1. Please state which one of D54, D77, D72 is of a type in the set (D, E), at pLDDT below 95 and either buried (at least 19 other Cβ atoms within 10 Å of the Cβ) or within 24 Å of L159 (Cβ to Cβ) (or both).
2. Please state which one of L58, L44 is within 20 Å of R25 (Cβ to Cβ) and either free of Cβ contacts under 8 Å to residues at least 60 places away in the same chain or small (G, A, S) (or both).
3. Being more than 18 Å from G101 (Cβ to Cβ) and modelled with pLDDT under 90 is true for just one of I178, I186. Which residue is that?
4. Got a sec? Which helices (runs of 4 or more DSSP H) wholly within segment 73-163 have at least 2 residues that are more than 14 Å from the chain's Cα centre (by Cα), among the acidic types (D, E) and within 14 Å of T55 (Cα to Cα)?
5. Would you call R132 exposed (fewer than 12 other Cβ atoms within 10 Å of the Cβ), charged (D, E, K, R) and more than 20 Å from L113 (Cβ to Cβ)?
6. For segment 140-164, how many residues meet the condition of being touching a helix residue (DSSP H, G or I) at 6+ places or on another chain (Cβ under 7 Å) and on the phi < 0 side of the Ramachandran plot?
7. Select, from R65, R14, the only residue that is farther than 21 Å from E161 by Cβ, in a loop (DSSP other than H, G, I, E, B) and at pLDDT 95 or above.
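The values are calculated or read from the model by the stated rules, or taken from the named source; none is laboratory data. The structure displayed is predicted, hence computed values, not measured ones. Cβ placement follows ideal geometry from the backbone for every residue including glycine, while neighbour counts extend to all protein chains displayed.
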Amino acid sequence: MKTIRSPRSKGSTRKYENRETTFIRNIILIGLPGAGKSTIGVILAKTFGMNFVDTDILIQEQTGRLLQELIDSMGPDTFLSIEEETILTQDASNAVIATGGSAVFSRRAMEHLKSDGIVLYLKIPFEGMVRRLNNITTRGIVLYGGQSLRDMYNQRIPLYEKYADITIDCSDEKFERIVEKVIEEINKKISRY
């Protein structure tokens with residue numbers, strides 16, 4: 001049985017109380033590059049006393065190469081296959097999992113993740129994504145030849161919406177407030193069961 005903690009006060013110092021649930025094994029974060037999945041994921045893991053897994057880092061550890069090197073040398077399709085295999089072979093438990101922005105291209109990977117937890121879509125507007133992506137040529141973003149950032153954004157949004165159990169608007173929010181919103185939404189979801 002997994003323990004979820006929820007905020008009791010609205011002050012700047014947060015206290016947490018235990019709340020039992022049986023349906024959340026993991027919390028999975030999806031969203032565009034620059035949405036803050038890794039940063040928010042670490043905070044959530046600390047808040048809930050869970051493990052933290054970043055699938056992009058797992059790929060780098062398993063291949064011994066940077067994401068951008070893999071994309072540049074093998075192409076986007078091969079990278080997506082590596083990403084899918086990395087996710088499918090993970091058996092995380094009691095974890096916050098930050099996925100790469102392109103994980104939603106794999107139906108199998110997303111179904112695997114959803115079977116073990118609740119999927120949160122960290123939603124940012126196009127302008128916010130562009131503002132946060134100051135290292136686009138080295139970050140490891142899957143772009144096909146001739147595809148613009150706007151094309152990528154428009155292509156991925158329906159996939160994030162399709163797989164999300166909860167959508168969190170991250171427009172111009174401080175990370176602390178986003179984490180509060182995530183906790184609130186998770187607790188709403190729990191209360192329905």
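1. On the way: D54 fails: at pLDDT below 95; D77 fails: at pLDDT below 95.
Selected residue: D72, the only one of D54, D77, D72 that is of a type in the set (D, E), at pLDDT below 95 and either buried (at least 19 other Cβ atoms within 10 Å of the Cβ) or within 24 Å of L159 (Cβ to Cβ) (or both).
2. Values: L44 fails: either free of Cβ contacts under 8 Å to residues at least 60 places away in the same chain or small (G, A, S) (or both).
Unique residue meeting the criteria: L58.
3. Numbers: I178 fails: more than 18 Å from G101 (Cβ to Cβ).
Criteria check complete, one pass: I186.
4. Details: elements: 76-88, 107-115, 126-132, 149-163.
Qualifying helices (runs of 4 or more DSSP H): 76-88.
5. no
6. Of the residues in segment 140-164, the ones touching a helix residue (DSSP H, G or I) at 6+ places or on another chain (Cβ under 7 Å) are 140, 142-144, 149-150, 153, 156, 159-160, 163.
Those still in the list that are on the phi < 0 side of the Ramachandran plot too: 142-144, 149-150, 153, 156, 159-160, 163.
Adding up the residues that qualify gives 10.
7. Numbers: R14 fails: at pLDDT 95 or above.
That would be R65, the only listed residue that is farther than 21 Å from E161 by Cβ, in a loop (DSSP other than H, G, I, E, B) and at pLDDT 95 or above.
Conditions tested, residue by residue: (1) over 24 Å from R150 (Cβ atoms); (2) among the aliphatic types (A, V, I, L, M); (3) at pLDDT below 95.
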residue	(1), (2), (3)
T99	no, no, no
I118	yes, yes, yes
L122	no, yes, no
N135	no, no, yes
